[in-house]
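These notes are about the structure you will find just below.
The values are calculated or read from the model by the stated rules, or taken from the named source; none is laboratory data. Source: prediction; values computed, not measured. For neighbour counting, all protein chains shown are included, and Cβ atoms are generated from backbone atoms with ideal geometry for every residue, glycine included.
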Amino acid sequence: MQFVRNIRYSLKKYGYLLDQLVSRDFKVKYKRSILGVAWSLLYPLLTTGVMALVFSNIFRFTQPGVSFLAYLMTGLTYFNYFSEASNLAMSSVVANFSLINKVYIPKYIFPLSKCLFVGINFLLTLIPLYAVLLLTGTGVNWHHLLLPYSYLCLFLFTLGMGFLLSTIAVFMRDMFYIYGIVITLWTYLTPIMYDLAIIQNEVMQVAMKFNPMYQYINFGRMIILYNMTPSAESFGACALSSVLVLLLGTAVFRRNQDKFIYYI
Amino acid sequence: MDNVMVRAENVSMMFNLGIEKGFSLKQGFVELLDPKKRKQRKEKPNNDFWALQDVSFEIGRGEVVGLIGSNGAGKSTMLKIVAGVLKPTRGKVEAYGNICPMIELGAGFDMDLTARENVFLNGAVMGYSKKFIESKFDEIVAFSELQDFLEVPVRNFSSGMVARLAFSVATVVEPEILIVDEILSVGDIAFQAKSEEKMLSMINGGTTVLYVSHSTDSIKKLCDRVIWLDHGVVQGIGTSKEICDQYLKMVGI
């Protein structure tokens with residue numbers, strides 16, 4: 001109870017700062033660009049287009065009635081959020097050292113603000129996603145109302161990773177390089193551009209389902225591409241993975257945050 | 001005693017000066033090949049540095065307390081602990097009331113944002129609410145005299161202009177506890193006089209103040225009491241005249 005009260009007090013006191021940090025990122029991102037926010041819509045469309053062009057020739061995509069473009073874009077929407085938000089969150093504490101060293105601000109606010117900022121961008125990328133769904137004839141159905149559940153899980157998972165990564169990055173700057181490689185590997189181990197069914201090795205196929213990102217993407221695809229309600233296991237796996245990682249990340253962050261100042 | 005605004009109890013603060021030279025992979029390889037190096041590292045005296053040792057004091061409501069001492073005596077560390085930026089290794093500090101730390105100004109300015117946007121961002125960093133900043137916005141702008149540059153990115157400001165804006169945001173509050181590191185006079189001569197006057201009016205305005213300065217003259221003028229720190233240890237606490245004279249005698253002036 002005490003914990004919940006602390007969070008409520010903290011949100012009330014620092015909510016405005018959070019709001020300012022997020023809108024700062026947003027303002028700075030598109031300053032001096034001619035197309036501005038339109039890039040948030042165009043960029044995912046163009047990158048997906050390029051990938052579709054390349055990968056539709058490499059992998060034989062064999063799902064009758066499913067558009068590869070829609071398949072690819074669903075996966076990318078989820079994964080791009082994770083990769084961008086976790087990366088920004090990782091460097092957020094180190095990057096804001098000048099603030100941490102001068103005034104008292106709860107440090108969790110930096111990874112949190114990054115995850116929220118990229119979250120707004122994520123919501124914008126839903127517009128091109130739905131455009132693709134309509135153009136490819138995939139269509140929209142009532143099950144889409146369940147999608148926010150997977151978005152929430154994705155957010156909590158990413159936030160947990162952000163806490164974990166930003167803590168490690170403070171003590172060990174090598175993490176910036178290591179994570180760059182990890183995220184590349186992670187991209188290929190997640191069935192974004194290919195179908196899990198093409199993996200021949202059965203053990204490997206099962207192991208890949210333990211990837212939380214697979215779970216969130218799969219949840220989304222169930223609804224968007226196959227017009228189905230995700231299974232109970234799918235609901236459970238999404239919730240469990242996100243809550244576990246968030247708890248782990250929060251615990252690690254809280255244990256170490258008072259030491260940050262000596263290492264930055 | 002409910003008139004105490006700041007209470008420090010046996011505060012000690014340790015910095016590990018060797019942290020920069022923490023264990024690295026390169027070192028690991030060197031030691032693997034040459035075990036003597038490893039022994040040398042283990043035998044080296046540890047680099048613990050006590051910036052503050054067993055510092056205790058109380059500041060009552062409305063008191064103006066000065067902190068004096070030579071460079072590296074731990075004054076700024078003490079201010080940062082009171083402000084909550086640093087957590088003491090041992091002991092504790094309690095502050096009863098909202099604190100305005102004027103330690104370094106302009107924390108959180110974003111050079112790509114306009115002056116107007118930065119007032120809100122910096123205000124939020126200082127812990128002001130949106131309503132408060134909106135109600136004080138005109139006052140802040142008027143004090144900074146930057147009315148004509150509100151929509152200009154701070155990147156294009158001169159350093160004096162940035163300092164004026166930061167000072168104006170920081171001093172718009174009426175804090176219960178004011179923490180000041182030196183008199184912060186910024187900008188051109190006219191603005192320096194104005195900012196000094198503003199600081200003095202804040203200090204004399206009945207708030208509780210913890211004030212660091214190297215000028216014993218201004219300490220004598222402003223402070224009711226003085227805490228003298230030397231190498232992290234309290235050398236004396238007492239009336240400003242008494243302690244300042246002792247301090248000057250020790251320094252040999």
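Remarks
- Which listed residue, of A:PHE110, A:PHE79, is under 17 Å from the mean Cα position of the chain (by Cα) and within 14 Å of chain B (Cβ to nearest Cβ): A:PHE110
Each row is one residue, and each column tells you yes or no for (1) of a type in the set (Phe, Trp, Tyr); (2) at positive phi; (3) within 14 Å of chain B (Cβ to nearest Cβ).
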| residue | (1), (2), (3) |
| --- | --- |
| A:TYR14 | yes, no, yes |
| A:GLN20 | no, no, yes |
| A:PHE61 | yes, no, no |
| A:SER67 | no, no, no |
| A:GLY75 | no, no, no |
| A:PRO106 | no, no, yes |
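- Residue satisfying condition, being more than 14 Å from chain B (Cβ to nearest Cβ), farther than 18 Å from A:MET73 by Cα, assigned to a helix (DSSP H, G or I) and in contact (Cβ under 8 Å) with a residue 40 or more places away in the chain, within set A:PHE117, A:PHE176: A:PHE176
- The criterion of being on the phi < 0 side of the Ramachandran plot and within 14 Å of another protein chain (Cβ to nearest Cβ) does not hold for A:LEU53.
- For the criterion of being under 23 Å from B:GLU174 (Cα atoms) and exposed (fewer than 13 other Cβ atoms within 10 Å of the Cβ), B:GLY206 passes.
- B:LEU86 surrounded by 15 or more Cβ atoms within 10 Å (Cβ to Cβ), touching a helix residue (DSSP H, G or I) at 6+ places or on another chain (Cβ under 6 Å), closer than 30 Å to B:ASP245 by Cα and at pLDDT 85 or above: no
- Inside region B:73-97, residues that are farther than 13 Å from B:MET13 by Cα and more than 11 Å from chain A (Cβ to nearest Cβ) make up a count of 3.
- Yes/no for A:LEU99 being free of Cβ contacts under 8 Å to residues at least 40 places away in the same chain and either within 11 Å of another protein chain (Cβ to nearest Cβ) or surrounded by 20 or more Cβ atoms within 10 Å (Cβ to Cβ) (or both): yes
- Screening the candidates A:LEU123, A:LEU164 for the property of being out of contact with any His (no Cβ under 8 Å at 6 or more places or on another chain), part of a helix (DSSP H, G or I), of a type outside the set (Asp, Glu) and surrounded by 13 or more Cβ atoms within 10 Å (Cβ to Cβ) yields one hit, A:LEU164.
- Of all residues in region B:101-153, those that are buried (at least 20 other Cβ atoms within 10 Å of the Cβ), more than 24 Å from the chain's Cα centre (by Cα) and within 12 Å of another protein chain (Cβ to nearest Cβ) total 2.
- You will find that of A:SER92, A:SER40, the residue that is assigned to a helix (DSSP H, G or I), of a type in the set (S, T, N, Q), under 19 Å from the mean Cα position of the chain (by Cα) and within 14 Å of chain B (Cβ to nearest Cβ) is A:SER92 and no other.
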